[in-house]
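The structure under discussion appears below in the form of structure tokens.
A short reminder: the numbers here are calculations on the coordinates, not readings from a lab. Quick caveat, the model's predicted, so the values are computed rather than measured. Glycine gets a Cβ as well: all are built from the backbone with ideal geometry, and neighbour counts include every protein chain shown.
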Amino acid sequence: MTTFALPILVCLLGLIGALGTYLDSNESNQNRKYIMIVFITIISLIICGFQIKQNQENNQNTDDAQRKLDTANAELDSINKKLNDVNSQLDSTTEKLKETNSQLNTTTEKLNDANAKLETLLLAVEKPRSSTSEAAEDLLAKENRKKISIFYFKKASKIDRPELFTKLRQLETQDHGFQSVQDVECSGRDCTNSTNAIWFGSEVSDADIELVATQLISGGVAIKVIRQFYDRPEKAYFIEVGYDRAGQSCRVWQSKDIFSATIRFSRGGKGCLE
């Protein structure tokens with residue numbers, strides 16, 4: 001409003017000045033004053049036109065800048081909305097991925113259990129044994145087994161699976177005939193690592209070790225050491241299940257190793273498969 005008023009005011013002042021000159025004119029200077037009136041009028045009109053044009057250009061530039069600013073703000077709002085949508089989708093995808101990983105871990109554990117049981121069952125069926133001597137061997141083994149106690153060094157549930165001891169107790173409750181299966185507090189041993197070893201006494205037979213080892217493997221335990229106690233006659237009829245640091249450099253015993261005719265359980269070595 002003020003920008004438009006300024007050039008108009010200048011024009012009006014110029015015209016008023018010209019008119020005043022005309023009114024004050026006398027006969028002697030009439031021609032000169034006419035020329036002055038025309039000159040002042042033309043100058044005033046030129047100034048007015050220039051000012052009005054300049055004002056229009058300024059207003060146009062201002063309008064263009066405002067439109068560009070509005071457009072930029074609208075684009076920024078659109079980008080922010082899309083960014084919020086992407087973040088929301090990312091959060092949703094992350095939650096679904098966590099659920100999928102959890103389901104995958106559960107499925108993998110079940111599959112490992114099923115594979116271990118199947119492998120144990122197949123190898124047990126394939127194990128060559130004389131049908132004639134089988135009954136006699138089983139009878140002797142059961143009689144000897146009545147003297148054998150199994151001790152499991154109990155670990156926290158986050159280290160050993162809670163059902164591990166239940167698997168061992170089946171050797172006592174089923175038709176295997178071990179004297180007892182007990183869990184004992186883990187002390188004097190590395191109790192922060194998962195079970196990986198079986199120790200046995202001098203009076204424990206290979207068949208007894210096979211039973212314990214296959215039961216542990218079917219329960220998902222990675223057995224790396226199977227060996228006899230060093231000079232421990234008081235543990236002649238003991239089987240202990242726990243962790244052995246010597247197993248760090250050993251490979252895991254598989255069911256096929258347990259029943260292999262070429263591999264026997266160590267009664268003097270470190271009980272490790274290399």
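Below, the figures for the structure above:
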read-out: Virtual spin-label span in nm between V252 and S157, 7 Å along Cα→Cβ; value: 2.3 nm
read-out: DSSP-defined antiparallel bridges as percent of all bridges, segment 133-258, nearest 5; value: 20 percent
read-out: Neighbour-count order for K158, K142, fewest beta carbons within 10 angstrom listed first; value: K158, K142
read-out: Residues I159, I258, I37 arranged by fewest to most Cβ contacts within 10 Å; value: I159, I37, I258
read-out: Computed FRET value (nearest 0.05) for S78 with N112, which takes r as the C-beta separation and R₀ as 45 Å; value: 0.35
read-out: Two-site FRET efficiency, K147 against K98, from Cβ-Cβ distance with R₀ of 35 Å, rounded to 0.05; value: 0.10
read-out: Cα gyration tensor, segment 157-245 - rounded (a/c under 1.5), prolate or oblate; value: oblate
read-out: Size of segment 198-248 as Cα extents on the principal axes (Å, biggest first); value: 31, 24, 12
read-out: Which of S218, S249, S260 has the fewest Cβ neighbours within 10 Å, and the rest in rising order; value: S249, S260, S218
read-out: Two-site FRET efficiency, D183 against S260, from Cβ-Cβ distance with R₀ of 35 Å, rounded to 0.05; value: 0.70
